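In what follows, a structure is listed as structure tokens, so that the remarks can point back to it.
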Amino acid sequence: MRARNFWPWVALGALFVFNLLFTPGFARLELRDGRLFGTLVDIFQNGAPVMLLAVGMTLVIALGGIDLSVGSVMALSGAVAALLMTEQGQPVPVAVLAALGMALGVGAFNGVLVAYGGIQPIIVTLVMLVMGRGLAQTLTQDQKIRFEVPAFEFIGNGTVLGLPFPLFLVAALALLVGLMLRKTAAGLYLEAMGSNPRAARLCGLRVHVIRLVAHMTCSVCAGLAGLVAAADIKEADVANAGLYLELDAILAVVLGGTSLTGGRANLVGSLIGATFIQTLTTMLQMRGVITEHTLIIKAAVALSVCFMQTPSFERLARRFRSAEAA
Amino acid sequence: MNFVRKHITVLAGALVYVLLYAVAAIRYDGFFSLPVFINFLSNNAVLGIVAVGMTFVILSGGIDLSVGAVMSFSSVLIGVLLMDHHWNVYAAIAAALVCGTTLGAAMGAIIHATGIKPFIVTLAGMFFVRGLAFLIHLESIGISEPRHTAIAIARVGPLPVTAVLFLGFVLVGWYVAVLTPFGREVYALGGGEEAALLMGLPVRRTKIAVYAVSGFCASFGGAALSFYLSSGSHLEGVGMELDAIATVVIGGTLLAGGVGSVLGTFIGVLMLGLILTSITTYEGMMSSGMTRVAIGGLLLAFVLLQKVLTRRAGVGRAT
């Protein structure tokens, strides 16, 4: 019996060791103006949105579902917050709450159609992927919206105890969701439903409500990620915010050991997975690989990890082992 | 009577289309004319060609999210081969078709061999292919090559070449789906994989072939796009997967697989084109954002409608 998250830790460790040895400047850390600077800090600073996405996505995938709309929800929530702060002149808390409310609405829309409408999650969330960004484009009339609101920017690049604020946001959210998963009945229900929805329904679980809540949580996490991303660059860029991040989020969750077939939620694993992806992204950037090209590598990693979770890989591994023994 | 019952979804779709067209013709001046209709055919030709491939995938019970990326990739590849390497037009298109078909077949093979869900494989495929497209050329590329242009402006009677290609794909697609053993295998696979296997049908071959067909159609769509826009474009294929799925579903093909037709998809393409043209150009809501929202809304409406109808008929139980 191996420790939980053995393989994710090994993968992350191997990537770190590789970088420490072969990527110059990877381990450099310095303290300036009461804040730590360096690649390692950047990984957590830039990786915060994916980590937030991964937390929410874990719940949906544990139910055997999927949410492809998270990237668009990021764009939408960033746009709503920026519009309220600039054009409407609303205070920061109102903007933040409205943006998260918008995300919650999208999540409810997804959840209702999946749970009560009985439509496949891919179709519903694919529609939302396209509609969400379309809505954001309509709201902002295809313009980037810049803002100068220090209180809001703190969400993206503030410093607490020398560390970036988003890190604390991730920790708080993960703790909250983690406690819900491990210490309340809701977590048990979630995994029960993911492994066998029919059995869960026959046991009297309110499967529709659970599914709805999971989708809403996932969207709110995405909304939060959108705020962090927008605050970090001081603008809402509807064309690029969260673009392609749904793959990163799914990849993070799958890397962390949550199976796509559902039934298992491994939150810590997802966070390790998200860190792994951001480290990979940062490493590729430091080595001069263009962002668009990293898509190829990420897609290949995603497929291989998915493959390792399938029964056919297990069969292959077993045959390999027995051949070695013979 | 039997004919009517067998083709009820296509006939209903055609009827709705005629009604919508009539409403549009009454509301907007000059809508009811041959040139306008021909414009519909050529404006939606790229989507239509891609959607024919998607029909086969959905009929087989799968889904292909990579079509937009494959289409962009193939248009960019054609652009690069023509402009940077001065290939012959036909050779460039053939190369793009080979690449697209190979990519599709590879995805099909991965789906079959590993048992990973189609949407995950094709989602990863979408990102992979998009990355590949950026690898061969980082920006969209304009195409101005005499022989390419000659094809692009060619006409067959009153029809532009893209419209002819579209109609050709629909006819060939219909023929393959209805009158060949392969078509029947696709329907059987969509009806139930286990049953198809027990019947002794070549499930593996069919599954791989279905994604290869989709890749072929998507890359052909890319070629048509290069004629239509005179460029190889990275952006044009973004969201194309949703448009293609939408047209297939609007055309009456069940997302669960096993039920539907290529002719339905043809009507779906025309219907989507009609509705979008009406709201964007005629009702004056000309914005790409609104268009996306409208397509999404339409798809959802039709999926829900399908759900209600099939539940009543007792087929295609919810999975």
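The values are calculated or read from the model by the stated rules, or taken from the named source; none is laboratory data. For clarity, every value in this text was computed on a predicted model and none was experimentally measured. Virtual Cβ from ideal backbone geometry, glycine too; neighbours counted across all protein chains shown.
Quick look at the numbers
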| quantity | calculated |
| --- | --- |
| Residue list for the range B:29-74, filter: assigned to a helix (DSSP H, G or I), among the small types (G, A, S) and out of contact with any Asp or Glu (no Cβ under 7 Å at 6 or more places or on another chain) | B:S42, B:A45, B:G48, B:A51, B:G53, B:A69, B:S74 |
| Pair list, Cβ < 9 Å and 6+ apart or interchain, from the range B:255-276 residues that are surrounded by fewer than 23 Cβ atoms within 10 Å (Cβ to Cβ) to residues that are among the basic types (K, R) | B:A256/B:R317 |
| Residues located in the range A:162-202, provided they are outside any loop (DSSP other than H, G, I, E, B) and among the β-branched types (V, I, T) | A:V170, A:V177 |
| Count - residues of the range A:106-119 that are part of a helix (DSSP H, G or I) and surrounded by 16 or more Cβ atoms within 10 Å (Cβ to Cβ) | 9 |
| The range A:247-265: number of residues that are within 16 Å of the chain's Cα centre (by Cα) and either away from chain B (no Cβ under 14 Å) or not hydroxyl-bearing (S, T, Y) (or both) | 13 |
| Options A:V127, A:V220; residue that is within 30 Å of B:V249 (Cβ to Cβ), more than 14 Å from every other protein chain (Cβ to nearest Cβ) and not polar (S, T, N, Q) | A:V220 |
| Near pairs, Cβ below 6 angstrom, 6+ apart or cross-chain, from the range A:1-25 (surrounded by 10 or more Cβ atoms within 10 Å (Cβ to Cβ)) to any residue that is modelled with pLDDT under 75 and not small (G, A, S) | A:N19/A:F26; A:L20/A:F26 |
| Of all residues in the range A:275-294 being of a type in the set (A, V, I, L, M, F, W, C) and touching a Leu at 6+ places or on another chain (Cβ under 8 Å), the one that is nearest to the other protein chains (Cβ to nearest Cβ) | A:I290 |
| Which numbered condition A:N266 misses (of (1) touching a Ser or Thr at 6+ places or on another chain (Cβ under 6 Å); (2) surrounded by 16 or more Cβ atoms within 10 Å (Cβ to Cβ); (3) free of Cβ contacts under 8 Å to residues at least 60 places away in the same chain) | (3) |
| Candidate set from the range B:115-142 (those that are among the charged types (D, E, K, R) and in contact (Cβ under 8 Å) with a residue 12 or more places away in the chain); member that is nearest to the other protein chains (Cβ to nearest Cβ) | B:R130 |
| Number of positions in the range B:121-170 that are within 26 Å of B:M107 (Cβ to Cβ), modelled with pLDDT of 90 or more and surrounded by fewer than 19 Cβ atoms within 10 Å (Cβ to Cβ) | 1 |
| Index of the failed condition, A:Q45 passing every other in (1) touching a strand residue (DSSP E or B) at 6+ places or on another chain (Cβ under 7 Å); (2) of a type outside the set (D, E); (3) within 14 Å of chain B (Cβ to nearest Cβ) | (3) |
| Selection from the range A:132-161 of residues that are over 21 Å from A:A222 (Cβ atoms), part of a loop (DSSP other than H, G, I, E, B) and more than 14 Å from chain B (Cβ to nearest Cβ) | A:E148, A:V149, A:L161 |
| Neighbours by Cβ (under 7 Å, 6+ apart or cross-chain): first from the range B:143-161, touching a residue at least 12 places away in the same chain (Cβ under 8 Å); second assigned to a strand (DSSP E or B) and among the hydroxyl-bearing types (S, T, Y) | B:I143/B:S231 |
| Search result, residues across the range A:223-246 that are facing chain B (nearest Cβ under 10 Å) and either charged (D, E, K, R) or buried (at least 24 other Cβ atoms within 10 Å of the Cβ) (or both) | A:V238, A:E246 |
| Leading residue by the ranking (farthest from B:V129 (Cα to Cα)) among those in the range A:297-326 that are more than 7 Å from chain B (Cβ to nearest Cβ) and of a type in the set (S, T, N, Q) | A:S322 |
| Residue list for the range A:50-101, filter: part of a helix (DSSP H, G or I), crowded, with 24+ Cβ neighbours inside 10 Å and not aliphatic (A, V, I, L, M) | A:G56, A:T58, A:G71, A:S72, A:S77, A:G78 |
| Lone qualifier among B:V50, B:V57, B:V80 - being touching a strand residue (DSSP E or B) at 6+ places or on another chain (Cβ under 9 Å) and not aromatic (F, W, Y) | B:V80 |
| Residue, surrounded by the fewest Cβ atoms within 10 Å (Cβ to Cβ), within the range B:171-217, restricted to residues that are touching an Asp or Glu at 6+ places or on another chain (Cβ under 9 Å) and within 24 Å of B:V70 (Cα to Cα) | B:R205 |
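Let's see how each residue does on (1) surrounded by 14 or more Cβ atoms within 10 Å (Cβ to Cβ); (2) small (G, A, S); (3) free of Cβ contacts under 8 Å to residues at least 60 places away in the same chain; (4) on the phi > 0 side of the Ramachandran plot:
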residue	(1), (2), (3), (4)
B:L15	no, no, yes, no
B:A22	no, yes, yes, no
B:I26	no, no, yes, no
B:S33	no, yes, yes, no
B:N43	yes, no, no, no
B:I49	yes, no, no, no
B:I58	yes, no, no, no
B:V67	yes, no, no, no
